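I have placed the structure first, in the form of structure tokens, so that the comments after it can refer back to it.
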Amino acid sequence: MGIAALKQNFQDWMTQQWVILFGKKITPEQNEWLLGPFGKTKGIGQKFIKQLEADEYLEIDKGEHERGLIQSINQLNLSREELDNLSRKVIDFYENTSSYEFDLKVKWNLFFKVFGGLLKILFSNRIEQLNLPMENNKDSKTLKSEIIHLVDKKTKVLKRTIWLRTFKKSEQVVYSGVYETCTIPNGQTCIKAIFPLPNGNATVILKPRVGKNGELILKSSGKKIGDSGFYFLLNDYKGNLWTKYIKPFKDTLIVSSESSNITANQTLTLWNLKVVEFKYNMKNRIYQNQ
């Protein structure tokens, strides 16, 4: 049995040991579709960006241009029919994400709100990651959204896309994640969101499809390792790679266009019970200023 690295915070060690006990040891060579950057033990947040630059010999692209979560919607390998039906405004959001401003509303299931509070106290505040708002708010909170492209220092080719979201008022990091596409074992192209954690990461793999009204629907709802879904990954103290697939945890994100705005409804469920719902309203700064 593997042992999690000992020189770290006790809460982190316990969660990593749980992944080892109930998860599966895997090899990087046979699971490249699942791999992504890991965090260090001394906080994540904006420190992770500098860490990734150093570890992978990258630098921030400081060019004067808009940046997207993906470079082209064609990376999702949608069918021709789906691509024709997909809202042009939704496509613009994914290809030019940096030009959008965000407002967020949150609605918790009261039962799970307690566990969300514990997560925030034990982990989120300390590691500067996954700082979910705990209050159900009727009025939206404004987020500062930054798309950071890291390019190879020599070739200037894009290697990593980081989406950093902070509360505008407090500057507290909400999410710091790496976004890319991947091809899961059945050949389906998915969006992969990688949230670095101490000695590992939490990875959400979302399968895309287009709804009848042109909305993009992203779902993580598989049944086993190799499917879309929620994964924990980590290295033990010997450097062995482990993963735990969280089958009961599902994530559904629906991105649609309403007049000049883009809206996104995200629902997280556990054992088919709603945990929390996020409602985003995104406005394009460029169009507003014209």
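Assorted remarks:
- Across the stretch 206-280, the mean sequence separation of Cα contacts (distance under 8 Å, 6 or more residues apart), normalised by length, yields a relative contact order of 23 percent.
- Taking the empirical scaling 2.2 N^0.38 Å for compact globular proteins as reference, the stretch 10-74 has a Cα radius of gyration ratio of 1.53.
- Surface/4 of the Cα convex hull for the chain, nm²: 16.0
- Counted charge near Y179, where neighbours are those whose Cβ lies closer than 13 Å (Asp, Glu -1; Lys, Arg +1): +2
- Cα centroid separation, the stretch 224-240 to the stretch 1-47 (Å): 8
- Scattering curve values for the stretch 218-290, log₁₀ I(q)/I(0), Debye with Cα scatterers, q = 0.18, 0.25, 0.26 Å⁻¹: -0.79, -1.06, -1.10
- FRET efficiency estimate (nearest 0.05) - Cβ-Cβ, E66 to E32, R0 45 angstrom: 0.90
- Length available on full extension from E180 to I246: 0.36 nm per residue minus the Cα-Cα distance, which gives 21.7 nm.
Readers should treat all values here as calculations from the given coordinates under stated rules, not as data from a laboratory. What you see is a predicted model, and the numbers here were worked out from it, not measured in a lab. FYI the Cβ positions are ideal-geometry reconstructions off the backbone, even for glycines, and counts take in every protein chain you see.
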